[in-house]
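Heads up: the structure comes next, in structure tokens.
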Amino acid sequence: QRYRARIPGFFIEDKGITISIHYRLVEAGQRPLFKRIVRNIVKSLLPLGVISVREGKESYDIRPAVAWNKGSAIRWLLKEYVSTLRGSPSVVFYMGDDDTDEDAFAMLKDSGITVRVGNEKATHAQYYVVDTTESIDVLKKIADIEHQKK
């Protein structure tokens, strides 16, 4: 199918092996049409099993159809780099604002500190902050604590 609709405000973020199609700058009245166009474009590829599509925060994440997500990535990073910690006291701290962060929150449920930015929905995160301003405040406090230790 060809689409001739001109919908300003969306952009595509090339993440290497995945892409994200962001529509947060698309006018509210144009969003239903934009979403329908994206779904129609990717629907022919979904049955082939080559991609998966996940709706995020005003975005679509398109990735290879493999069992891999942010939780899987955290698990792999911990396995790969645990030896570099060499017994040092450490804790995993994960903060995110997107539905795609929920996999990481769930994976770290019993072994890290997780913070959801924005409390508009149910979450696997242990804590939440209202917005990015509060998340910056949290990070500054952690940095201050670490600075005082030295």
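Suppose we take every Cα in the chain and form the convex hull; what volume per residue is that in Å³?
In the chain, the Cα convex hull volume per residue is 155 Å³.
Ordering Ile17, Ile12, Ile113 by accessible area with a probe of 1.4 Å, largest first, what comes out?
Largest accessible area first, the residues go Ile17, Ile12, Ile113.
In whole angstrom, how long is each semi-axis of the equivalent ellipsoid of region 97-144, when you take the square root of 5 times every eigenvalue of its Cα gyration tensor and sort them from largest down?
Largest first, region 97-144 gives 18, 14, 7 Å.
Given points 7 Å out from each Cα along the Cα-Cβ axis, report the Ala67 to Leu25 separation in nanometres with one decimal.
Each label point is offset 7 Å from its Cα along the Cβ direction, giving 3.9 nm.
Do me a favour and compute the ellipsoid semi-axes for region 17-93 from its Cα gyration tensor, root of five times each eigenvalue, largest one first, whole Å.
Ellipsoid half-lengths, sorted descending, are 35, 17, 7 Å.
I'm checking a number: the convex hull volume of the Cα atoms of region 71-150, normalised per residue, in Å³. What is it?
Dividing the Cα hull volume of region 71-150 by its residue count gives 93 Å³.
Dipole of the chain (Lys/Arg Cβ +1, Asp/Glu Cβ -1, origin at the Cα centre): which of Ser44, Ser59, Gln148 lies farthest to the positive side?
Positive-end residue among those listed: Ser44.
Among the listed pairs Lys57/Lys79; Lys57/Lys149; Lys43/Lys79; Lys57/Lys140; Lys79/Lys121, give every one whose C-alpha distance is greater than 27 Å.
Over 27 Å Cα-Cα: Lys57/Lys79; Lys57/Lys149; Lys43/Lys79; Lys79/Lys121.
Once the Cβ-Cβ distance between Lys121 and Val82 is put in as r, and R0 is 35 Å, what FRET efficiency do you end up with, to the nearest 0.05?
0.65
Per residue, how big is the convex hull of region 17-60 when only Cα atoms are used? Give it in Å³.
Dividing the Cα hull volume of region 17-60 by its residue count gives 66 Å³.
The values are calculated or read from the model by the stated rules, or taken from the named source; none is laboratory data. Predicted model, so just to flag it, every value in this text is computed and none were measured. Because the Cβ atoms are built from the backbone with ideal geometry, glycine has one as well, and the counts that use them run over all protein chains shown. Heads up: the accessible areas ignore ligands, DNA and RNA and are worked out on the full protein's heavy atoms, side chains in. Shrake-Rupley method; radii C 1.70, N 1.55, O 1.52, S 1.80 Å.
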